[in-house]
Amino acid sequence: MKRILLICNEVVADAFSKGLRALFANQTSGACECLTIKSSKEWSSFQFTDKGFDQIFIQVELAWSGKVREGYDIANDLIYYKLPDSSIAHLRFISTKSRSELRVLTSTSVKHLPYVKSFLHLQWPIQQLEPFYFSRQRYNYLRNYCLTTTGQLDQILHDLQKYVGNPDNPPLEEEIKHVIVMGEFLTGADAHDTAQEIAGILKFPLSSQDQEIIRGKLINLIKQLEKKRDEKQEANIIQLPYRAMLVEDNAAEGKLLKELLSPYFLGVDLFHNGEKAKEVLSQNSKTHAYQALFVDMELLEDGFDQPVMGVDLLEFCETSAHEIATRVISALPRRALSVLLSKPVEHILHKNKTGSILSASDHLSQVFKTLKNEIEVRKKYINRPGPVNGPFGEDQRTRQPKVMKNLYYKIKLEDPDKHQKMMQAIQHKAEAFFSGELDAIEIDCDFGRLENLGWEENEDTLELILLHRAIALLHNKENGQIFYGEFDIKEEDKAGKAVFKGLRNGYCDKFSPRLGDNAKGYFVSKLGFNGNWNKPIGSRLYQEIAEMNLFPEEENWLESVDPELLLSQLLSEDQPAAFRNIEQGVQKLKNLLANNAIKLPGRFQKLLKIKDLKVADLNNYLQEWEGLQKHLRAVNASESIVDRTEKIRQDIQQAARG
């Protein structure tokens with residue numbers, strides 16, 4: 001059922017409500033629930049908590065308190081105060097006037113015009129509802145940029161620059177109106193008088209040259225407005241207890257940007273060269289010199305073939321300096337950059353042609369407040385606990401860090417829910433494998449080439465490594481060591497061809513990592529463990545994992561999991577139907593063996609006693625049952641006995657697969 005919210009005055013409430021329900025019913029072939037708010041009193045007490053709406057409709061001409069086009073004021077209240085941050089306003093307006101008429105009526109309203117431009121409007125009576133949906137990205141873009149005074153200043157400047165030199169210039173009146181309104185709204189009488197003076201010239205016939213002169217004056221006026229606005233913001237400066245790196249290849253712009261950023265930090269270091277900046281950043285995990293990076297996305301003064309550009313620095317921080325919060329400075333369109341870089345709009349600071357910065361929100365103080373919160377979160381991962389060997393360590397020759405550990409914490413930092421679900425799935429799979437519910441052949445053992453392992457950000461490879469680590473840790477906790485390989489009397493090392501599963505009853509046929517010449521190549525180079533390797537006990541080689549340098553999630557899980565409990569579940573309790581099938585089959589086999597006077601060796605007789613058969617032993621039991629089948633064929637047992645043992649084998653196999 002569709003749920004819609006209608007905000008209108010009492011006079012039209014019934015008509016609007018019935019009309020919308022009818023339209024939704026006709027176009028969606030489903031029922032529609034419409035909640036109507038008809039007064040300022042109802043609106044002031046209304047809360048959106050736990051109330052989800054598919055669409056919100058607001059009447060432009062509300063006039064609850066006698067204001068003109070009060071619906072836009074309610075929309076502003078809705079977007080910035082009423083809705084939780086996690087919600088999206090799928091908002092449309094209803095008016096008796098057309099959208100073009102409303103654009104004219106609001107041309108001098110700095111508060112209302114952006115809503116006319118940015119949102120869909122339906123003229124009453126509504127004939128048809130067009131499909132409409134706001135994505136999270138689009139909604140944030142409107143809320144945090146287009147509807148703000150910053151966004152409006154950007155739009156005016158963009159229009160003025162676009163029209164300069166264009167022989168088909170549109171009339172200047174609308175541009176002048178916008179500047180007058182912005183000047184009055186932002187800086188009071190001075191800017192208003194200046195704009196009025198320019199506007200007065202328009203009363204006389206103008207040549208194209210005169211129009212360009214006027215446009216130049218308007219651009220200068222906007223510079224003044226921006227300067228005064230920035231002066232207002234300085235009163236709200238909050239200095240962050242951190243240092244920032246600024247990378248800008250243009251010396252003049254770099255100086256200006258450093259002056260703008262410096263009040264917000266303990267220090268700002270300016271770099272004109274991306275290669276030098278990357279060199280310093282590569283040491284940041286040890287020096288912790290910087291907590292924030294502001295990077296110019298062009299870095300094109302010497303051409304596109306520079307060794308290190310802005311996008312390279314962002315990528316480096318994402319993979320190798322994850323403790324640093326990054327922000328982009330660019331004259332490129334903010335919207336395009338947001339899509340290309342997969343960054344929120346509010347993480348992109350706009351460097352316009354006037355040489356200043358226009359942020360994605362109205363106040364730089366808010367930008368830096370958000371930045372501070374992000375840095376506080378990232379600080380938790382500066383000293384990141386976890387493995388330091390193999391794919392989680394660094395190249396022994398170049399000392400360059402590999403990327404797997406950064407990828408682990410990148411997921412944890414940027415998407416905690418995804419990280420939690422990933423670790424829970426891995427741990428559940430490891431427990432299922434350990435207890436015998438999951439067949440060994442279902443565990444992937446292909447890590448790719450050793451020389452590439454850990455150098456590429458690959459989530460599938462990370463999950464595979466973490467799964468193998470979890471399995472190894474479970475086995476290690478059970479016995480304090482892991483049987484991984486064997487050697488014969490000639491001391492020929494077979495560890496590299498041996499198996500990992502081989503802990504109980506010598507069963508080790510199906511799970512073979514085969515990832516190196518010896519166990520150390522698997523446990524250290526592939527899984528990143530510390531420990532003691534290839535300890536000979538009898539004819540077997542054992543590996544002992546030192547429970548150190550583990551990820552916190554591994555430590556917590558290992559502390560809570562009980563290997564013996566995982567192995568203790570009886571088949572009759574876990575899968576009673578499967579147990580009954582096997583039990584009945586075994587009883588019939590006993591009768592057949594007795595009728596045919598076949599006596600089994602002791603090692604096979606125990607297979608017929610299944611009362612205490614455990615889920616964890618099913619794979620091992622299956623292998624031993626196949627040995628019984630070979631024995632019966634060897635002694636020329638009857639066809640009925642052979643058929644019965646095969647039927648039981650199938651039942652055991654089915655139970656082992658769960």
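Beyond 12 Å, what percent of the Cα pairs of the range 250-292 remain?
On the way: 582 of 903 pairs.
Value for the range 250-292: 64 percent of Cα pairs lie more than 12 Å apart.
Protein chains only, probe 1.4 Å: how do His322, His288, His428 rank by accessible area, largest first?
Values: His322 10, His288 65, His428 125 Å².
Reading off the accessible areas and sorting them downward yields His428, His288, His322.
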Counting heavy atoms of the protein chains only and a 1.4 Å probe, report the per residue accessible area for the range 545-658 as a whole number of Å². 56 Å²
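Arrange the residues Trp64, Trp557 by how much accessible surface each exposes, largest first, with a 1.4 angstrom probe. Mind dumping the intermediate values first?
Details: Trp64 50, Trp557 20 Å².
Result of the area sort, largest leading: Trp64, Trp557.
How large, in Å, is the range 539-658 by the Kirkwood hydrodynamic radius built from its alpha-carbon pairs?
16.6 Å
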Using a 7 Å offset from the Cα along the Cα-to-Cβ direction at both Lys588 and Arg449, what is the distance between the two label points in nm, to one decimal? 5.5 nm
Could you pull the accessible area for Leu23 with a 1.4 Å probe, rounded to 10 Å²? 20 Å²
Largest to smallest accessible area among Lys369, Lys117 [probe 1.4 Å]: Lys369, Lys117
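Loop only by DSSP, 14 or fewer other Cβ within 10 Å of the Cβ. Give me the trypsin sites (Lys or Arg not before Pro) in the range 564-649 that pass, ordered by residue number.
Here the trypsin sites (Lys or Arg not before Pro) that fit, given the DSSP loop and packing criteria, are Lys599, Lys609, Lys611.
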Could you tell me the accessible area of Met548 in Å² (1.4 Å probe, neighbours in place), rounded to the nearest ten? 100 Å²
Taking the Cα-to-Cβ direction at Ala63 and at Lys369 and moving 7 Å from each Cα, how far apart do the two end points lie in nm? 3.8 nm
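The values are calculated or read from the model by the stated rules, or taken from the named source; none is laboratory data. Please read all numbers here as calculations on a predicted model, not as lab measurements. Ideal geometry is used to build each Cβ from the backbone, glycine not excepted, and the neighbour counts take in all protein chains shown. For accessibility, only protein heavy atoms count, side chains too; no ligands or nucleic acids. Shrake-Rupley method; radii C 1.70, N 1.55, O 1.52, S 1.80 Å.
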